[in-house]
Structures are given as C-alpha cells and as structure tokens.
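The values are calculated or read from the model by the stated rules, or taken from the named source; none is laboratory data. What you see is a predicted model; the values in this text were computed from it and never measured. FYI the Cβ positions are ideal-geometry reconstructions off the backbone, even for glycines, and counts take in every protein chain you see.
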Amino acid sequence: MKTVALAAVAAAVLSACASGPMMAPAMYSQDALPDAVKVPAGHKVAMETVGAGEITYECREKANAMGQFEWVFVGPAATLSDRSGKAVGKYYGPPATWEANDTSKLTGAQVAVAPAAAGSIPLQLVKANPAMGAGAMSGVTYIQRVATQGGVAPAVACTAQGKGMKQTVTYRADYIFWKAA
C-alpha cells in the first residue's frame, strides 16, 4: 500500500514538473566558431533558420587548365525553416538569395569561409546587401552558414565525357541572420 502511495506522489510531482513553465531556448552563441566567420561586434541575432535542400554542380573544363575537368557549383535550392520546423522562407540562386515568406529578400557578398566537418560544405560569413521589400529580411546585415552537413561536390568523376552533366547533392545548414544592435 505504501509503495502505491509513493508511486502516485512521484507521478504527481513528475506531472507537475512536466506541465510547468517551458525554459526559453538558449541564445545563439558564436563562441565555438572560427574567428573568420564570426559576425563583428555590434550585431544581434534577428532570425535563426535551418536550410534543407539541394546544391547543383556541373561538370566543366577547368578555367586555367585545358583538358582538365572539375565539378563547379551552380546553385542552391533549399527551404528555410525556423527552429520549430515551420517553413519561413527559401534560399536559391544564382545569385545567392534568401527570401522570407513575406517576400522580402536579400543577396550578399561572401566575406569569409572556414572548414567544416569532412564531407560538408564550409562555414560561411556573408555581408548582406540591402533587402528588397519590407519584412523579415529588412535590416539584415550579415548571414552566417553554420552547422553544415553534406553539400560537397559529387564523388562521381568529372571527365571530358561528362562535360555539361549536372548532379545534385543534398545538404543542411543553419542560416543565422544578424542585424545591427
């Protein structure tokens, strides 16, 4: 009888804890990132997204090495979702364009890259151009690409016989949007 009563009390306590206030999500931190892709001081996170999609590559002759071939980045096509998984925009190119569901969008210029885990595209810091349209992208100054998974050029050989062939690879990355503080 005592065991049943203790079990009931424990269940009630656990239930109360589970229905208590939810903890706020942790603030995004750049501490673990290489310095090259850190956003300069004086900026704050405006939006955190997860991009999931594909990157297209094309087999082309190397610009400065006639008769040699390589996979060349053509462009991305990804859905941007918030941390809860709700689609909030898209990322596509060329040129590299981040577009919110409210139709505000921006392009940018790469400032720096840093190596990521093997088999993943590099981390990246982009200086944003002024946004087109009012909305979520208005005022964004920098975009970071972090936590990359996949997206590197295909493992299939790129040869003269394959010149012009396109291949897509899947990838995921967090895109962190920053505004001036």
#### Entry: Scope the range 53-80; condition under 17 Å from the mean Cα position of the chain (by Cα), surrounded by 18 or more Cβ atoms within 10 Å (Cβ to Cβ) and either of a type in the set (Phe, Trp, Tyr) or farther than 18 Å from LYS179 by Cβ (or both); matching residues
GLY53, ILE55, PRO76, ALA78
### Query
Does ILE121 count as in contact with an Asp or Glu (Cβ under 8 Å, 6 or more places away or on another chain), surrounded by 17 or more Cβ atoms within 10 Å (Cβ to Cβ), modelled with pLDDT of 95 or more and within 20 Å of PRO34 (Cβ to Cβ)?
no
## Note on the structure
Residue pairs qualifying under the 8 Å Cβ cut-off, at least six apart or on distinct chains, with the first in the range 108-122 being at positive phi and the second being part of a loop (DSSP other than H, G, I, E, B) and crowded, with 17+ Cβ neighbours inside 10 Å, are GLY119/VAL152
### Task
Determine whether the range 149-162 contains at least one residue that is at pLDDT 95 or above and closer than 25 Å to ALA41 by Cα.
no
### Only listed residue being within 19 Å of the chain's Cα centre (by Cα) and under 23 Å from LYS44 (Cα atoms), chosen from ALA173, ALA181
ALA173
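Given the structure, is VAL50 of a type in the set (Val, Ile, Thr) and either part of a loop (DSSP other than H, G, I, E, B) or over 12 Å from the mean Cα position of the chain (by Cα) (or both)?
Spelling it out, it is not the case that VAL50 is of a type in the set (Val, Ile, Thr) and either part of a loop (DSSP other than H, G, I, E, B) or over 12 Å from the mean Cα position of the chain (by Cα) (or both).
Among the residues of the range 147-170, write down those that are surrounded by 19 or more Cβ atoms within 10 Å (Cβ to Cβ) and more than 14 Å from ALA77 (Cα to Cα).
Across the range 147-170, the qualifying residues are THR148, CYS158.
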### Message
For the condition within 25 Å of SER29 (Cα to Cα), small (Gly, Ala, Ser) and surrounded by 15 or more Cβ atoms within 10 Å (Cβ to Cβ), what is the one hit in ALA180, ALA173?
### Response
ALA173
